[in-house]
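The structure appears right after this line, and notes come after that.
The values are calculated or read from the model by the stated rules, or taken from the named source; none is laboratory data. No experiment lies behind these values; they were computed from the predicted model shown. All Cβ positions, glycine included, derive from the backbone under ideal geometry; neighbour counts span all protein chains shown. The accessibility values were calculated without ligands, DNA or RNA, using every heavy atom of the protein model including side chains. Shrake-Rupley method; radii C 1.70, N 1.55, O 1.52, S 1.80 Å.
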Amino acid sequence: MPLFGVDVSRHQGPDINWGKVRASGIDFMLARASLATTPDATYRSNVRRARLAGIPVVGAYHFLYPAKVVSPAEQARLFVDRIGNADGILTMLDVEKDRNPKTGQVFIPTISDVRAFAREFARLTHNHTLIVYAPGWYWTGHIGNPPASDLGPLCASRYVPVRHDHEGHPIAMTPKEAFAKVTPKFWNPTHGGWKKATILQFTSTGRIGGYGGPVDVDAFNGTLQKLKSLTGPVGHAVSALVPPASTGPAPDHGKPIVVKPTTKRSHVVVAGETLSGIAARHGFNATAKLPTFRVMLNAFPENAKFRANPHVIRPGDRVRVR
């Protein structure tokens, strides 16, 4: 079995029981931080409570709107402002169409919008890994299947079939029940130049503890250590094959942006971990110079408080390695 994760936003409400979510076998979560220029009010609470419940990997995503509505670079700045320090966080850009239910206006971001967002995000976060949620139906059916695999790993979207009850409502499935219907071809995209899906969203009718309604469920076909490796910088340039569509000039006129990875590292503590174990994970051991640590009470830099005893760590703490 792969690692299972869930996508959440304000649509799930503010009262998800993350302890029960974790007990359902969920190893990672992606919470919407922002949409266009609108912050998601539940983001920070969801991430904080997921960490405290022992979810090993937490993440954030932004729902992209086209430049004719708002600059993608401005959206990237809002996203980064919402997540604070990106170290130790999965970050994802959600690229699909949206529709204003009141006016009927349809919003379709283009590859130019995607690249403009990615460039600004890379600049602000020292080239932090950006996962791209790019459904094949959207990529090929709406924007002409442009190449984008250079921007980051793919989160593919392909749903397994569902059964319906006598009233026609879909019957929610546990992650394991739904994943049993996934075939190898689900992981093999035919769009955007991606060869493999790194994360697969395979149902929107998942059933988990801690939430009473259907939820999007994702899968990562690898180890927890490999998943955590996606929560830092990628260490390579973000290409700009297409100049950004924005009201201002394209930075560097489409040249690649190379951002040096930050020398500061951080780690979110899970149950059973020790400072020495975290040090070893980041390349420090008994024969190397040990790092110094900052242990924060809260998950977000703007709420950080230092403990009187910095050697005590608890699940959910963010430990900075310098």
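Listed here are the pairs 195/226; 20/176; 68/195; 97/176; 68/97; which of them are more than 22 Å apart at the Cα? Going by Cα-Cα distance, 68/195; 97/176 fall outside the 22 Å limit. Highest mean packing first, where packing is the average number of other Cβ atoms within 10 Å per residue, the peptides 137-145, 121-129 line up as 121-129, 137-145.
FRET efficiency for the residue 190 to residue 1 pair, using the beta carbon distance and R₀ = 35 Å, is estimated at 0.85.
The distance separating the Cα centre of region 133-157 from that of region 171-229 comes to 17 Å. Accessible surface calculations at 1.4 Å, restricted to protein heavy atoms, place region 149-190 at 59 Å² per residue. Distance between the modelled labels on residue 37 and residue 176, one decimal in nanometres: 4.8 nm (7 Å Cα→Cβ projection).
Surface composition of region 2-106: carbon plus sulfur atoms contribute 47% of the solvent-accessible area (1.4 Å probe, protein chains only, all chains present).
Only beta bridges with both residues in region 59-194 are counted; by DSSP, about 25 percent of them are antiparallel. Residue 106 sits among other residues whose Cβ lies under 10 Å from its own Cβ, and their net charge, with Lys and Arg +1 and Asp and Glu -1, is +1.
Across region 1-149, the relative contact order, built from alpha-carbon pairs under 8 Å that are at least six residues apart, equals 20 percent. At a probe radius of 1.4 angstrom, the accessible area of region 1-119 per residue rounds to 35 square angstrom.
The protection proxy used here, the mean number of other Cβ atoms lying within 10 Å of each residue, ranks peptides 99-109, 16-26, 68-78 as follows, highest first: 68-78, 16-26, 99-109. Peptides 179-192, 162-175 ordered by packing proxy, namely the average of other Cβ atoms within 10 Å per residue, highest first: 179-192, 162-175. In plain terms, the chain from residue 164 to residue 183 could stretch by 4.7 nm, reckoned as 0.36 nm per residue minus the Cα-Cα distance.
Averaging the sequence gap over all C-alpha pairs within less than 8 Å and six or more residues apart, then dividing by the number of residues, gives region 108-169 a relative contact order of 35 percent. Placing unit charges on each Cβ (+1 for Lys and Arg, -1 for Asp and Glu) gives region 152-202 a dipole about its Cα centre, and among 161, 182, 198 the Cα reaching farthest toward its positive end belongs to 198. Between residue 23 and residue 105, the FRET efficiency from the beta-carbon distance, with R0 = 30 Å, is close to 0.10. With Rh defined as the Kirkwood radius, the inverse of the mean 1/r over Cα pairs, the Rg/Rh of region 1-55 is 0.98.
When the surface is traced with a 1.4 Å probe over the full set of protein chains, residue 47 keeps roughly 0 Å² accessible.
Leaving out ligands, DNA and RNA, what percent of the accessible area of region 125-207 is carbon and sulfur, probe 1.4 Å? The value for region 125-207 is 56 percent carbon and sulfur by accessible area.
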